[in-house]
1. Can we say A:LEU180 is away from chain B (no Cβ under 14 Å), within 28 Å of A:ASP275 (Cα to Cα) and surrounded by fewer than 24 Cβ atoms within 10 Å (Cβ to Cβ)?
2. Considering only residues that are at the interface with another protein chain (Cβ under 7 Å from one of its Cβ atoms) and out of contact with any Ser or Thr (no Cβ under 7 Å at 6 or more places or on another chain), look in segment B:139-150 and name the one that is most open to solvent (accessible area, probe 1.4 Å).
3. So, in segment A:68-96, of the ones that are open to solvent by less than 40 Å² (accessible area, probe 1.4 Å) and in contact with a Pro (Cβ under 8 Å, 6 or more places away or on another chain), which residue ends up farthest from the other protein chains (Cβ to nearest Cβ)?
4. If only one of A:GLY105, A:GLY99, A:GLY33 is crowded, with 18+ Cβ neighbours inside 10 Å, under 30 Å from A:ILE400 (Cα atoms) and over 21 Å from the mean Cα position of the chain (by Cα), which one is it?
5. Out of the residues in segment B:126-137 meeting the condition of being more than 12 Å from every other protein chain (Cβ to nearest Cβ), open to solvent by less than 30 Å² (accessible area, probe 1.4 Å) and in contact with a Leu (Cβ under 8 Å, 6 or more places away or on another chain), tell me which one is nearest to A:PRO218 (Cα to Cα).
6. Among the residues of segment A:340-355, what is the count of those that are closer than 29 Å to B:LEU128 by Cα and in contact (Cβ under 8 Å) with a residue 60 or more places away in the chain?
7. Quickly run through segment A:392-418 and pick out the residues that are open to solvent by 50 Å² or more (accessible area, probe 1.4 Å) and under 25 Å from the mean Cα position of the chain (by Cα).
8. Being out of contact with any Phe, Trp or Tyr (no Cβ under 9 Å at 6 or more places or on another chain) and surrounded by 21 or more Cβ atoms within 10 Å (Cβ to Cβ) is the requirement here; does A:THR175 meet it?
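The values are calculated or read from the model by the stated rules, or taken from the named source; none is laboratory data. Given the structure is predicted, the values throughout are model-derived calculations rather than measurements. Heads up, the Cβs are rebuilt from the backbone with ideal geometry, glycines too, and the neighbour counts pull from every protein chain shown. To get the accessible areas, we keep the full protein, side chains included, count just its heavy atoms, and leave off ligands, DNA and RNA. Shrake-Rupley method; radii C 1.70, N 1.55, O 1.52, S 1.80 Å.
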Amino acid sequence: MIGVSLSRWTMSYFTVALLALLGAEILMVAGFGYPNHAVFAPQTIALVHLVAVGWLSLLMCGALIQFVPVLVAKSLAHPNLPVVALILLVVGLVSLIVGFLDMAGLSVGSTPWLGLGAIGIAAGFALNVWNLGRTLWSARPIGLPARFVVLGLLSLMAVVSLGSIFSASLVGWTTNDILLRLTSEGIPLHAALGLGGWLTFTAMGVSYRLLAMFMLAPEDEHRTSRFAFMTGSAAILILLIVGPTCLLILGQSVAHPMLIALGLATVSLSLYVQDMRRLYRTRRRLKIELNARMAAVALGGLGLGNLLLLLVTATGQTDRRIGAVVFVLAFGWLTGLGLAKLYKIVAFLTWLECYGALLGKRVTPRVQDLVNEPRTLPWFWLYFLSVVAALAAASLEAPIAFRIAALGMLIATAKICFDLVSIRFLRSVPASMLPEGDRAWPRLFLPRLQHFQR
Amino acid sequence: MTHAPYELDVRPILRAGGEPFKEIMEAVGGLASGQGLRLLATFQPVPLFTVLARKGFSHAAREIGDGDWEVIFTPAAPTVALSPSETDYPAEPGHPASVWPEPARHLDNRDLDPPEPMVRTLAAAEELQPGEVLSALLCREPLFLLPELKNRGYEWQGNFQDDKTTYKLLLRKPAKNEAAE
């Protein structure tokens, strides 16, 4: 088919992802994980995976199954495969977290939870990478934003492979020396490829296209964008190839490749931020919408996170301070960007789902009529201010203050989620413009049956 | 020979509570052949788009700050349908583009906020008589519009123009006997 239809399972991914975010924030308020526990404590690792896999990766997968087809103007290769992947990912994540709780001393029986979790997560991501990869392959030659996504998916495969090796070692499925060495010293590679290569690099690629579309900015390909891609790709390949080589063949630590990758990533991010500033400057949509305004704040979080990472590396305080840096990248940058974009994407997809077939035949609302930006905006500010407060509390090693700030994040996120549900149920749309007749009301997170009949 | 667009600022009339429709139509009546109209208003004058489209004008509207709008109406040059080799989608067998009639309407949706181009195109498509053709200029490939056109039984063809940034879409409402088939 030429053109792109609505992705059937994107809302299901978004729903599970938001539940994982709310769950993670509740745990932080309860004092579970960093900074109450050490950075490498099982509690912290469980929390990190709930955020990284449950929230950020599911959000990213849900967005990619809808927007990779938009990036390359091809339909998704297998429209229903994402639901199988989602079930595997959720079951895998729950097992993985139970496994970490087991390591933390909670008795959960003798089942090898970590190993089973890794199998579920690896299988789920593999199905999504296969689906997205086939879609991208069928659209060759692909544009620059889609190439960012390809490198992001490559990083995801590496992250999942490393994670599976770690799990197999921890549950005793392997005693291979090489795999054990990777497990004991490869964690920085796993984290950098996950947070940087997969989540950040993919978000950069998608935002080149989405921000331009939403703000009506010209999409000409600039030299800075190509350099951002090249330096970022080089950073990923160094983590992917030079890192394991240093560790396994040269018998050294991964410190040097990590440092070189950080340098290249900093160049890539600086060029990217410059490109984003140009998009904002040259936009033709004068009125800046909530999603674009809050995405700019999230970009500030990316800049701050990168700066702090350089600072703690330069002063040799990575072991003590890395938790705060990861926190600001995960919550200031990726979560901030994710919530801001969700506010636009959910409204647009709901509008298309409810009114696509009615356009031109009767009076229909605009996409803006589905949202109430003045009502939601203060909660975004509460969210970002709470992140800054939580960062300060974590840096000052004040766990109680951190939990209070986390409560601010939780309240703000819960209200934003409530507003997203209101968008799904068309609560802001005047009664006279509600869809009737051949269009059923939207379902919160499952596709309607007629999607399958087409 | 091309003329610079005639400029008409109706903001003072609107701010004074007046109705500038008469002034606008007089200005349109006074345009030289091929001359456009640059209109400045305090809102997006949507009803005017339809009125002037019937007179063969396409429009490009943009917000210029403080809620004011600039709309440039351009008289449509006579256009011919794209030849099949120019398109990325062939016309239906038996109804090649070369036998499609001249477009009955032209839309310039390039400067509209998404998804407004999709809304306008579908609204105009619904107003076509059976067998009539609509031409629309867009600033990107209308990926979400195309499946909807197919669902509604329209034939369409489109491609990027030489400037690589304008996507030209032609769509045709099926004639009554075709729709019945």
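1. Numbers: away from chain B (no Cβ under 14 Å): yes; within 28 Å of A:ASP275 (Cα to Cα): no; surrounded by fewer than 24 Cβ atoms within 10 Å (Cβ to Cβ): yes.
So A:LEU180 fails the test.
2. B:GLU141
3. In this case the residue turns out to be A:LEU76.
4. Values: A:GLY105 fails: crowded, with 18+ Cβ neighbours inside 10 Å; A:GLY33 fails: over 21 Å from the mean Cα position of the chain (by Cα).
Step by step, each of A:GLY105, A:GLY99, A:GLY33 is checked, and only A:GLY99 is crowded, with 18+ Cβ neighbours inside 10 Å, under 30 Å from A:ILE400 (Cα atoms) and over 21 Å from the mean Cα position of the chain (by Cα).
5. If we filter segment B:126-137 for residues that are more than 12 Å from every other protein chain (Cβ to nearest Cβ), which is where we start, we get B:129-133, B:135-137.
Adding the requirement that they be open to solvent by less than 30 Å² (accessible area, probe 1.4 Å) leaves B:131, B:133, B:135-136.
Now narrow it down to the ones that are in contact with a Leu (Cβ under 8 Å, 6 or more places away or on another chain): B:133, B:135-136.
Numbers: B:VAL133: 29, B:SER135: 23, B:ALA136: 19 Å.
By that ranking, first place goes to B:ALA136.
6. Taking segment A:340-355 and keeping what is closer than 29 Å to B:LEU128 by Cα, we get A:348-355.
Checking the rest, the ones that are also in contact (Cβ under 8 Å) with a residue 60 or more places away in the chain come to A:349-350, A:352-355.
Selection size over segment A:340-355: 6.
7. Those that are open to solvent by 50 Å² or more (accessible area, probe 1.4 Å) and under 25 Å from the mean Cα position of the chain (by Cα): A:ARG403, A:ILE404, A:LEU407, A:ILE411, A:PHE418.
8. Numbers: out of contact with any Phe, Trp or Tyr (no Cβ under 9 Å at 6 or more places or on another chain): yes; surrounded by 21 or more Cβ atoms within 10 Å (Cβ to Cβ): no.
No; evaluated as a whole, the condition is false for this residue.
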